[in-house]
Amino acid sequence: MTLTRGGRLEAMDAVMAALNQSVDVDRELWREDIAGSIAHARGLVAAGVLTGAEAAELEAGLRRVAGEIERGELAWDPALEDVHMNVEARLVELVGDAGRKLHTARSRNDQVATDLRLWCRARGRETLAAVRELAVVILDVAEREIDVLMPAYTHLQRGQPSRLSHHLLAWQEGLGRDHGRLCDALARLDECPLGSGAAAGTGFALDREATARALGFGRATRNSLDATASRDFLMELASALAILGVHLSRIGEELVLWSSSEWGFVALSDAFTTSSSMMPQKKNPDVAELVRGKAAVLVGCATTLLVLEKGLAFGYGRDLQEDKRPIFDAFHHALLSVRALSGAIATARFERARLEGALRGGHLVATDVADWLAARGMPFRSAHHVVGALVRRAEEQGVDVSELSAAARAEVHPELGAPEIAAVLDARAAVERRAVVGGPARARVVEALAEARERWGAPSP
Ligand code: ARG
C-alpha cells in the first residue's frame, strides 16, 4: 500500500510522477504542516476520533519528524509527491497505526490551504518589520540632512528649490501605504480552512473555531468550497509585494542616477557596491539596479497567481499546486530588496554641496518670481508670461534668472526692478515660503518627520 496511490490506482508513469511532484518546492511549508497536524490531532480528540494517548503519540512523532527535518536528516521523497505526504509517511514509519489515523476528517486541500495561510502570516509579519525598518532608516537620514536643499524635479528637469528631507519623506510615504496594504491582506487571510475537507466539509464533529484559535487564527473560514479553492489571499499579498517592489525600484532608480558622476548627489558605501571585472576604477550601484530588477520578478509573481486561478471552477483544482513558487519567490525577493535598500541607504553619504549646487543655473526661482508678481495683483497667467521673458533674457546673458541686475529685470517689466525682489530670488527663502501642508519648508518637514515617526512607532533617536 502506498500513501499516494491508495488502493485504486496502478503504477504511475515516470513523466507523470515528475509533473505530479511538488516536494522540491513545497517542503518550505514543513513547519506549518506540522503545526497544522498537531492542531488537527488535538481536534480529533475533542471530536472523539482519537484517544488522548493516540494524539500524544502523534504529537511526539510529529515533533520528532520536525527535528529530523530541522537537522536535514529527512530524505525527501518525490515519489511521495508533496510535503504533506512526506511528513505523514515518516510519521507512520515512526508511530504506526496512530499515524494512519491523522488524516481522518482532513484532505490535503484544507491542509495545504491552512499551511499556506500560516506561512504567509509569518513571512508577512517579517516583511512588515523589514519595511518599517527601511522607513526608519529613511527617516533617520531625513532628520540628519534636514538643512540640505536640492531641486524638486518634474520630467527629471530641475523645477523648484526644495529640501532633501522632503524628497526622502516622499520615498517613505509609498512605503507607508505598502505597509498598510500588507496589513490589510494579513487581516483578511486570518481564517483557518481546517475542517473544510476536500471541498464539502466533514461529518466528524470538529470544533473548527477551537482549531482556528489553537493555530492563532481569528476565526474559521465560512465556506468549505471557498476555503479549499480560493487563493485571493495569495494574489493580494503578491500584488501588495509587487507594488512595494515598484516603489523600491523607483528608489533604486534614483540611487542609480544620484550616484552617477553626472549627478553626484550620493555616494554608496563599498559594502553595497560592486566593481567591474574589466574596468578597475568602477564602483557600480548594483544594489539599486538589482532592486530595480527584482520589481520585474515581483510583478511576474503577482501575474502568475492571478492567471493561475482565473479559469478555475469552484472546488480545488490541481493547478493550485503551482501557487507555491510565486508566493515563496515574491516574499523572498521582496524581503531581500527591502533589507538591501535599508543597508545601502543607511551607509550612503549624501553629497550636500552637490545637492545644493544643483539649485544654481536652472532658473529654479522662476515660479517664485511669478508668484510674487501674482501676490502683488498681476494675474498669474500674465505673471507667468512676464517671468518667461525674464528667463529668456537670463539665457541670452548666460546667467541664472536670480543673477540678473535690477536694471535688466526692470527692462523686462518695471515691477521687477523693485529691491524687495532680492528675497524672492533666494533659493532658501523660496523653500521657506512653501509652507503649505505637505510642502518643503523646514518647519513643515520637521512636523512631517514627527508625524511619520509617530506613525511608524519609531521615536527620534
Ligand atoms: N500538493 C498539493 C497542492 O499543493 C496538495 C493538495 C493535493 N490535493 C489533491 N487533491 N491532489 O495543491
In segment 299-338, which chymotrypsin sites (Phe, Trp or Tyr not before Pro) are in a loop and have at most 14 other Cβ atoms within 10 Å, using DSSP for the loop call? 314
Using a ≥ b ≥ c from the Cα gyration tensor of segment 129-187 (square roots of the eigenvalues), is it rounded, prolate or oblate, where a/c under 1.5 gives rounded and otherwise the larger of a/b and b/c decides, a/b for prolate? oblate
Farthest toward the dipole's positive end in the chain, which of 151, 65, 223, given Cβ charges of +1 (Lys, Arg) and -1 (Asp, Glu) about the Cα centre? 151
Treat each spin label as a single point 7 Å out from the Cα along the C-beta direction, and report the residue 382 to residue 289 distance in nm. 5.4
With the contact rule set at Cα under 8 Å and sequence spacing of 6 or more, what percent relative contact order holds for the chain? 16
Using modelled amide H (1.01 Å from N, peptide plane; none on Pro or chain starts), what sits under 5 Å from the amide H of residue 220, excluding residues fewer than 5 places away? 192
Rounding to the nearest 20 debye, state how big the charge dipole of the chain is about its Cα centre with +1 on each Lys and Arg Cβ and -1 on each Asp and Glu Cβ. 580
Show that you can apply the helix-only estimate: for the chain, add -39,500 (n - 2.57) for every DSSP H stretch of four or more residues, divide by all residues, and state [θ] at 222 nm to the nearest 500. -19500 deg cm²/dmol
Would you kindly derive the ³J(HN,Hα) couplings of segment 253-261 from the backbone phi angles with the Karplus curve 6.51 cos²θ - 1.76 cosθ + 1.60 (θ = phi - 60°), listing them in order in whole Hz, with x for Gly and Pro? 4, 5, 5, 4, 5, 5, 8, 6, 5
7 Å from Cα along Cα→Cβ at both residue 225 and residue 347: what's the point-to-point distance in nm? 5.5
Quote the relative contact order of segment 25-95 in percent (integer), defining contacts as alpha-carbon pairs under 8 Å separated by 6+ residues. 41
Lys and Arg at +1, Asp and Glu at -1: neighbours of residue 147 with Cβ under 11 Å from its Cβ sum to +2
With a cut-off of at most 10 other beta carbons within 10 Å, and DSSP calling the residue loop, which GluC sites (Glu not before Pro) in segment 1-106 qualify? Please list them. 10, 73
For segment 76-183, the Cα-Cα pair-distance distribution in 10 Å bins from 0, as whole percents, is 12, 24, 18, 14, 12, 12, 7, 1
Leading residue at positive end of dipole, segment 1-146 (Cβ point charges), from 79, 36, 4: 36
Relative contact order for segment 1-124: what is it in percent, counting Cα pairs under 8 Å that are at least 6 residues apart? 36
Can you spot the lysines whose alpha carbon is less than 28 Å from residue 294's alpha carbon? Ignore those fewer than 8 places along the same chain. 282, 283, 310, 324
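We did not get these values from a lab; they are worked out from the coordinates using the rules stated. This structure is a prediction, so every number in the text was calculated from the model and none was measured. Note that we place each Cβ from the backbone using ideal geometry, even for glycine, and neighbour counts take in every protein chain shown.
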